[in-house]
1. Considering only residues that are open to solvent by 60 Å² or more (accessible area, probe 1.4 Å), touching a residue at least 60 places away in the same chain (Cβ under 8 Å) and either part of a strand (DSSP E or B) or not assigned by TED's automatic domain parsing to the domain that holds L70 (or both), which ones fall in segment 123-139?
2. Give the number of residues within segment 198-224 that are open to solvent by 20 Å² or more (accessible area, probe 1.4 Å), within 14 Å of ligand 2 (Cβ to nearest atom) and not hydrophobic (A, V, I, L, M, F, W, C).
3. Out of T45, T88, T49, T92, which single residue is away from ligand 1 (no atom under 16 Å from the Cβ), at pLDDT 95 or above and among the hydroxyl-bearing types (S, T, Y)?
4. Go through (1) assigned to a helix (DSSP H, G or I); (2) away from ligand 2 (no atom under 12 Å from the Cβ); (3) open to solvent by less than 20 Å² (accessible area, probe 1.4 Å); (4) closer than 17 Å to L264 by Cα and name the single condition A195 misses.
5. Restrict the check to segment 60-69 and report whether at least one residue is free of Cβ contacts under 8 Å to residues at least 60 places away in the same chain, within 18 Å of the chain's Cα centre (by Cα) and assigned to a helix (DSSP H, G or I).
6. If you check every pair at least six apart or on different chains, which have Cβ atoms under 6 Å apart with a residue in segment 168-184 that is farther than 16 Å from G247 by Cβ first and a residue that is outside any loop (DSSP other than H, G, I, E, B) second?
7. Part of a helix (DSSP H, G or I) and within 16 Å of ligand 3 (Cβ to nearest atom): does that describe D212?
8. Residues to consider are C265, C222; find the one that is at pLDDT 95 or above and either in contact with a Ser or Thr (Cβ under 6 Å, 6 or more places away or on another chain) or in a helix (DSSP H, G or I) (or both).
Amino acid sequence: MRGPGEFEIIRDFFAGAKKLSEGVVVGIGDDCALLKPPAQGLLATSVDTLVADRHFPADADPAAIAARALRVNLSDLAAMNAKPLWFTLALTLPESDADWLREFSRGLLETAELFGISLVGGDTTRGPLSVTIQVTGSSKLPLRRDGARVGDGIYVSGPVGAASAALPVVLGQAAAGHEREEARRAYYFPEPQLALAAAIGELAGSAVDISDGLLADLGHICNASRVSADVHMESVPVSPLARQLAGENRALELAATGGDDYQLCFTVPEKHWSALEKLGLDIARIGTIVPAEGNPGVRSWLDGKPWSPTRSGYQHF
Ligand SMILES: Nc1ncnc2c1ncn2[C@@H]1O[C@H](COP(=O)(O)OP(=O)(O)O)[C@@H](O)[C@H]1O
Ligand SMILES: Cc1ncc(C[n+]2csc(CCOP(=O)(O)OP(=O)(O)O)c2C)c(N)n1
Ligand SMILES: [Mg+2]
């Protein structure tokens with residue numbers, strides 16, 4: 001049976017999100033969306049493409065693919081301390097499959113509702129499966145990568161290593177007993193750290209979300225801020241799931257370089273440390289910003305000795 005055509009796909013699976021939300025003057029259906037920015041703050045915009053078998057298994061549950069695609073984009077808004085407003089979806093499909101589309105749009109629109117962001121447009125094309133989402137938010141107190149200063153504390157928002165330890169389970173290459181569901185959640189449903197970003201907005205000097213790996217993404221803060229970082233690996237909150245799935249040693253490697261966790265890494269100047277502590281957040285101090293002395297970079301230590309992971313963070317090329 002022939003699946004729905006391009007315009008039926010848009011009408012039946014995505015235009016249902018048309019209910020006008022804040023600032024949407026024209027949503028799905030015209031050549032552009034027309035949007036009214038909030039009176040205060042700056043607009044924050046970011047785009048991430050997820051490619052089948054590169055970012056998610058092609059045969060994954062479509063609702064989970066959609067959830068992950070929107071969540072990783074929301075994570076970029078969190079990294080800048082921006083409140084989600086609107087998003088667009090560019091969907092490339094190898095074929096038109098109504099059952100797949102129904103599940104995909106359900107996962108997408110449920111996630112959108114959960115995080116208070118509205119779908120305002122997109123593009124639907126035929127080709128190898130990929131999902132591109134562009135998000136827009138607004139920020140009154142943006143957190144940038146270039147705001148780290150010598151002496152700042154370096155923090156992570158929560159456990160790292162879970163999603164990359166979960167990958168072999170998700171791909172069906174490793175057996176998992178009772179951890180299977182937790183592994184699926186870690187990989188497909190990363191938690192965008194929007195509330196945490198709002199809480200630290202006035203205290204943090206810089207932030208980045210951890211997509212490629214903790215040390216690699218902290219390296220982006222160092223480069224942008226022209227500083228270096230000392231990271232004490234024994235302070236890194238290694239995910240218990242990563243420990244169970246990968247064992248102690250490999251879990252530390254995955255926590256340092258695995259990526260896909262979408263926790264935030266951020267820096268806080270000393271004058272704000274006591275205010276940060278008073279917030280009572282479940283975060284971990286993992287190191288200190290130090291002078292670049294030539295090349296900005298991240299140095300990691302374990303029990304006082306230099307420690308290097310056996311691989312670097314994720315790079316496409
Ligand atoms: N093809 C491109 N054209 C223009 N800017 C790009 C392109 N690819 C990435 N960038 C920009 O380079 C920076 C780093 O990109 P990336 O590592 O993908 O960021 P993130 O990890 O936050 O998604 C971002 O500011 C992004 O917008
Ligand atoms: C099937 C599959 N294989 C491997 C990975 C691991 N992986 C792929 S891309 C990536 C890094 C994050 O993606 P990227 O496109 O670099 O996002 P950005 O840093 O631009 O936000 C990781 C850890 C995965 N998520 N899924
Ligand atoms: Mg990347």
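The values are calculated or read from the model by the stated rules, or taken from the named source; none is laboratory data. Since we're looking at a predicted model, the values are computed, not measured. Neighbour counts run over all protein chains shown; Cβ positions are idealised from the backbone, glycine included. Quick note on the areas: whole protein, heavy atoms, side chains included, nothing else; ligands and nucleic acids left out. Shrake-Rupley method; radii C 1.70, N 1.55, O 1.52, S 1.80 Å.
1. Listed by number, the list holds a single entry, Q134.
2. Qualifying residue count, segment 198-224: 3.
3. Matching residue, one of T45, T88, T49, T92: T92.
4. All conditions are met except number (3).
5. yes
6. Within 6 Å, the pairs are V170/Y187; E182/L241.
7. no
8. C222
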